[in-house]
Amino acid sequence: MGRQGGWHDNTCDKSGSQLGFGQFTGSRSANAGVTHSKVLMEGNTVRNVRWDGIGTFNAQDVRIVGNTVEDCESGIYVRSYNLNKAIEITGNKVSGSRTRPGIAIGAVEPVSDAVVSRNTVTPCSFDYNGDVTIRAGHAPQRCG
């Protein structure tokens, strides 16, 4: 995937006295057989959102690279529903108090090709839930 489409170099934060957004990007529902594809989120800064800083649901060919997520309920959360492959979560910085993992992949249906590496997560927390296959030659990133 080249650098086309997607979200690049944006800042998402609360506005004055208004609460933060629900999440920077993503969807909350899916239809069987319908997916988002070639999703790229790169170089964004997300602060103070009330749910997932960066979230995708039911997508394939997802790259979440070099983003900063601060003080959100969850850092980065990729959820599968059907037909999920090629998920890359690399080089992101996630920090601040959270009640959910800093970086997570949740697979309702199998995720066939995932890479999670070189992320800085403070406090450290990763979650791989369901049938998640890590790309050959890569270990899943974990704490410690």
Filtered residue count, segment 94-109, keeping only those that are within 17 Å of Thr45 (Cα to Cα) and either open to solvent by 20 Å² or more (accessible area, probe 1.4 Å) or more than 15 Å from the chain's Cα centre (by Cα) (or both): 4
Residues that are open to solvent by 60 Å² or more (accessible area, probe 1.4 Å), at pLDDT 70 or above and closer than 21 Å to Glu88 by Cα: does segment 25-35 have at least one? yes
So, in segment 79-105, how many residues would count as being of a type outside the set (A, V, I, L, M, F, W, C) and under 21 Å from Lys38 (Cβ atoms)? 10
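Results for (1) more than 22 Å from Gly20 (Cβ to Cβ); (2) among the aliphatic types (A, V, I, L, M); (3) open to solvent by 40 Å² or more (accessible area, probe 1.4 Å); (4) more than 11 Å from the chain's Cα centre (by Cα), shown as yes or no for each residue.
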| position | (1), (2), (3), (4) |
| --- | --- |
| Asp61 | yes, no, no, yes |
| Val69 | no, yes, no, no |
| Tyr77 | no, no, yes, no |
| Ser80 | yes, no, no, yes |
| Val116 | yes, yes, no, no |
| Phe126 | yes, no, no, yes |
| Asp131 | yes, no, yes, yes |
| Arg135 | yes, no, yes, yes |
State yes or no: is Val39 part of a strand (DSSP E or B), surrounded by 15 or more Cβ atoms within 10 Å (Cβ to Cβ) and modelled with pLDDT of 90 or more? no
Condition set of a type in the set (D, E, K, R) and at pLDDT 90 or above, scope segment 42-51, selection least open to solvent (accessible area, probe 1.4 Å): answer is Glu42
Pick out, from segment 87-144, the strands (runs of 3 or more DSSP E) lying fully within it that include 1 or more residues that are touching a Phe, Trp or Tyr at 6+ places or on another chain (Cβ under 6 Å). 103-117
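The values are calculated or read from the model by the stated rules, or taken from the named source; none is laboratory data. Owing to the predicted nature of the structure, the values given are computational and were not obtained by experimental measurement. Note: ideal-geometry Cβ built from the backbone for every residue, glycine included; neighbour counts use all protein chains shown. In case anyone asks, the SASA skips ligands and DNA or RNA and just uses the protein heavy atoms, side chains included. Shrake-Rupley method; radii C 1.70, N 1.55, O 1.52, S 1.80 Å.
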